[in-house]
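I have placed the structure first, in the form of structure tokens, so that the comments after it can refer back to it.
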Amino acid sequence: MEEILIKNLNSHQKEAVLCTEGPLIIFAGAGTGKTRVITHRIAYLLSKGVAPWSILAVTFTNKAAAEMKQRVVDLAPESGEKVWVSTFHAFCAYFLRIEATKIGLNPNFLIYDYSEQKNLIKDCLKELDLDEKKFKISSIADKISRAKDDLKSPSDIAAKAKEDNDLFGIAIAKIYQFYQRKLESSGSLDFGDLIMRTVIALEQYHILLDYYQDKYKYIMIDEYQDTNHAQYMFAKLLAAKNKNICVVGDDDQSVYSWRGADINNILDFEGDYPNAKTVKLEQNYRSTPKILETAHKVVRHNGERVNKQLWTQNPDDGYVSVINATTENDEAVKVTDLISLKSISDGYKLSDFAIFYRTNAQSRTFEDALRRAGLPYIIVGTLKFYDRAEIKDIMAYLKLIHNPNDNISFKRIINVPKRGIGKTSLETLEKFAIIKNISIWQAIDFVQDAGLTKGAVAALKAFVILLKGFIDLKNNASIKEVAEKIILHSGYLKDLETENSPESRTKIENIQELISAIDDFEKRSPDKSLAGYLTQIALISDIDSLDESNGKVTLMTLHLAKGLEFKNVFLCGLEEGLFPIGESAFNPEELEEERRLMYVGMTRAIKNLYLCWATERTVYGKTKWNMPSRFITEAGFRQEAAEGVNRTKWSNSYSRERCNNLSKAKVLYRNDYIPINDELIKDKSLYIPSQDSSPYKIGNIVSHPLFGKGKIIEKNGMGNDLKIVVLFETGQWKKLLARVANLTVIS
């Protein structure tokens, strides 16, 4: 069995698989087969007689966990099904539900998603009489989430704020405390609670810690570079007794510090476990040598990284090109034209193309261009199925049936469809509930004392009868049957049918799809309970719904691209200020993370990689001229080549028929990255930039009559269009049009 398992592994993969005892860190570069190594290592442990229930493997997305689990089952059909493979949040949700009564938690807890978190925070601000304009709800939600990632309680946040004399921080701590109190009273948790409450339980209840340490003797953590402090402590606690912890990750792909990830977790692993064995996986099975070489040229500029470089035996038959556009619309047209061309001339499917960008706002121009070209596309990370209003309405009914004390769900559907319970009546009832320190559902029992009108009282009592009927049904019927009864007997479906508009018909179709999804859950899930279904839905991530065989061009932000691969990748908006974004260029840590994000995007490409930027871009109604991103020059493209592009001829109106004329598709020429298809590039001389004859060179010291002395750090364009960036001694940097800037060259 051992020989079969390691037969097709390279030497470093074998080394990682065969190292089963003690701490192990695997630095697995992009496309080096890390999932293969993890799953083969699990199968190898099983072949050596390790009990499947003593192995725990956790990762970050449901998609990755499902793939990992299936591979384990394929490798070890008899015992692989019994190995626990899941996301961090799924395991912790399971742990908390199983151990709820032992740790003082309601086992019927709900898991609030981000929108429900924000609604609860909105309630907190209202009750605390705080202005939403001064206290942005999304910002507060993020601060609370980060606090939980760091295992910080409201009192911890308050103490630090008082120490720093931070009045805003003190207010945040108060909101956090109030928010947590409301969560607990409604019997709910948010995402941050899942891991934080698990860690706290393991720290406080030593009997539980001993039990789970003995149960899971072998622990594997995927994507370790993305773990936050709470996840780090979770792994450390479970592994403390047996020390059989294997972490797999790549410090070059750590890009989530903004949501709590700490790159030091992977960089300091050998400090946490002095006897740890280190294995580096550097042979890439995904990309061409050219792509890997170019990506390495970028990431090697980072100082905080483990020394390694990917290599491959793949044929060097792809290319890396820079595409410059005049505007963001021109950028979208050029990218779309090239997709049209290559899908016809090279036989690529549309699902072989991906367009990555730094911010969601950049998707619009690509959507417009793709629609005009008649090319179907999918955007990952926008409105998800379960975020649609009609789906959230039905889900709110299911949540309220499961836990009637859920005030957020109660307020969402109490008057949906309309029942004659208006905003004023609901506010009156809610204030009464707050005074009595009970849930709104519980307050209905005292509705006569709350000061409501007779009509509202009658409507509320009718709603109670309706909901109790659904609750009784829940105990004797399937989730699908309960959902169908809700849709029918609540009047929700009737309202949509009466409206009979295109929008209402679409909503009905979405609700029918929800019933299909529930049916699918009940067929394949061993846990067919309503609690199990609600937990699964709460843990769905943006990337889980991506169908890579959909025959559509994929659009997404770079942060969502991890773990994916496409034959053709367009990295767009590569301009200073956009990527690297904002002021990150002036913060070493932020700049290194932006560079890692660039590396992630580049290494998603299998065959062809396009680095795209626009000379001008309109942002929030203002047009700005741009310098090409430093990442383009770091990738090995000459500054002049990145700038000298305006003479490249492109048609703005390619059709599928016209794309057969291959000579019209031109990408920026560069000697060592020229596409080798001679039909694609006819006149290479078009792409050789003109000689720069200006007196301004990068590195020159210049003087400005207003800003004083400074150093030229960037250049863009030539002749009358020459623009330069000067970093002045004051610490300011200015973008200047050379012909009117009145600069004097000092040296």
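I need the semi-axes of the equivalent ellipsoid of the stretch 575-639: take the C-alpha gyration tensor, multiply each eigenvalue by 5, square-root it, list largest first in whole angstrom.
On the way: eigenvalues 82, 51, 25 Å².
Largest first, the stretch 575-639 gives 20, 16, 11 Å.
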message: Can I get the semi-axes of the stretch 391-481's equivalent ellipsoid? Compute them from the C-alpha gyration tensor as square roots of 5 times the eigenvalues, in angstrom, largest first.
response: 23, 13, 12
field: Exposed-loop-free span, longest in the chain, where GluC sites (Glu not before Pro) count as exposed if DSSP calls them loop and at most 15 other C-beta atoms lie within 10 Å
entry: 305-547
Inter-label distance for ASP142 and LEU18, nm, one decimal - labels placed 7 Å from Cα along Cα-to-Cβ: 4.8 nm
field: Principal-axis tilt of helix 191-204 within the chain, Cα atoms, nearest 10 degrees
entry: 70 degrees
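Would you work out the Kirkwood radius for the stretch 33-121? I mean one over the mean of 1/r across all pairs of different Cα atoms, in Å.
On the way: mean 1/r = 0.0678 Å⁻¹.
One over the average 1/r among Cα pairs gives 14.8 Å for the stretch 33-121.
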statement: Of all DSSP beta bridges having both residues in the chain, the percent classed as antiparallel (nearest 5) is 30 percent
- prompt: Roughly how many nanometres apart are two label points built 7 Å out from the Cα toward the Cβ at SER153 and ASP387?
  reply: 3.4 nm
task: Report P(r) for the stretch 233-344: all Cα-Cα distances, bin width 5 Å, range 0 to the bin holding the largest distance, values in whole percent.
output: 2, 8, 13, 14, 14, 14, 12, 9, 5, 5, 3, 1, 0
- prompt: How big is the convex hull of the Cα atoms of the stretch 446-493, per residue, in Å³?
  reply: 72 Å³
Angle in degrees between helix 137-149 and the longest Cα principal axis of the chain, rounded to the nearest 10: 90 degrees
- prompt: How far is helix 502-524 tilted, in degrees, relative to the longest principal axis of the Cα atoms in the chain, given as a value from 0 to 90 rounded to the nearest 10?
  reply: 80 degrees
- line: Among chymotrypsin sites (Phe, Trp or Tyr not before Pro) in the stretch 167-207, those in a DSSP loop whose Cβ has at most 16 other Cβ atoms within 10 Å are TYR205
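May I ask you to list the chymotrypsin sites (Phe, Trp or Tyr not before Pro) in the stretch 587-624 that are in a DSSP loop and have at most 10 other Cβ atoms within 10 Å of their Cβ? Walk me through the numbers on the way to the answer.
On the way: sites: TYR599, TYR610, TRP613, TYR620; in loops: TYR620.
Here the sparse-neighbourhood loop sites are TYR620.
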- request: Take every Cα-Cα pair in the stretch 448-537 and report what % of them are more than 14 Å apart.
  value: 72 percent
- request: Show the residues, 5+ positions off or on another chain, whose built amide H is closer than 5 Å to the amide H of GLU714.
  value: VAL725
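Starting from 0.36 nm per residue, how many nanometres of slack lie between ILE438 and ILE465 once their C-alpha separation is accounted for? Let's see the in-between values first.
Working: separation 27, 0.36 × 27 = 9.72 nm, distance 1.98 nm.
Gain in length upon complete extension: 7.7 nm.
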Ratio of Rg to Rh over the stretch 129-173 (Cα coordinates, Kirkwood Rh, two decimals): 0.97
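Restricting to DSSP H runs of at least four residues, report the calculated mean residue ellipticity at 222 nm for the chain, -39500 (n - 2.57) per run over all residues, nearest 500 deg cm²/dmol.
Working: 29 runs with 326 residues, N = 747.
Result for the chain: -13500 deg cm²/dmol, rounded to the nearest 500.
Which value, in Å to one decimal place, does the Kirkwood hydrodynamic radius take for the stretch 309-373 when every pair of different Cα atoms is included?
Details: mean 1/r = 0.0733 Å⁻¹.
Evaluated on the stretch 309-373, it is 13.7 Å.
Need one word for the stretch 10-82: rounded, prolate or oblate. Basis is the Cα gyration tensor (sqrt eigenvalues a ≥ b ≥ c); a/c below 1.5 gives rounded, then a/b vs b/c decides. Spell out each step's value before the answer.
Details: a/c = 1.62, a/b = 1.13, b/c = 1.43.
Cα axes put the stretch 10-82 in the oblate bin.
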message: With just the Cα atoms defining each centre, how far is the stretch 223-266 from the stretch 561-638? Give it in Å.
response: 27 Å
message: Expected output is a single nm value to one decimal: the length gained when fully extending between GLU282 and ASN742, i.e. 0.36 nm times separation in residues minus the C-alpha distance. What is it?
response: 160.5 nm
query: Across bins of 20 angstrom width beginning at 0, how are the C-alpha pair distances of the chain distributed, in whole percent?
result: 14, 42, 35, 9, 0
- line: Beyond 29 Å, the calculated P(r) of the stretch 289-448 holds a percent of Cα-Cα pairs equal to 55 percent
- prompt: Along the stretch 289-301, what does the Karplus equation 6.51 cos²θ - 1.76 cosθ + 1.60 (θ = phi - 60°) give for ³J(HN,Hα), rounded to whole Hz, x for Gly and Pro?
  reply: x, 5, 5, 5, 4, 5, 5, 5, 4, 6, 5, 5, 6
The chain, relative contact order [Cα under 8 Å, separation at least 6], %: 15 percent
- prompt: What FRET efficiency would be calculated for the residue pair TRP53, GLN536, taking the C-beta separation as r and a Förster radius of 35 Å, to the nearest 0.05?
  reply: 0.95
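If you build the convex hull over the alpha carbons only and average its shadow over all orientations, what do you get for the stretch 494-620? Give it in nm² to one decimal. Display every interim value, and only then the final one.
Working: hull surface 53.0 nm².
Average of the hull's projected areas for the stretch 494-620 equals 13.3 nm².
Please sort by residue number the trypsin sites (Lys or Arg not before Pro) in the stretch 337-381 whose DSSP state is loop and whose Cβ has at most 13 other Cβ atoms within 10 Å. Please report the intermediate quantities before stating the final value.
Values: sites: LYS342, LYS349, ARG358, ARG364, ARG371, ARG372; in loops: LYS349, ARG358.
Qualifying residues, ordered by number: LYS349.
Read-outs: derived from the displayed coordinates by stated rules, not from any lab. It should be emphasised that the depicted structure is a prediction, and the values quoted were computed from it without experimental measurement. Every residue, glycine among them, receives a Cβ derived from its backbone with ideal geometry; neighbour counts consider all protein chains shown.
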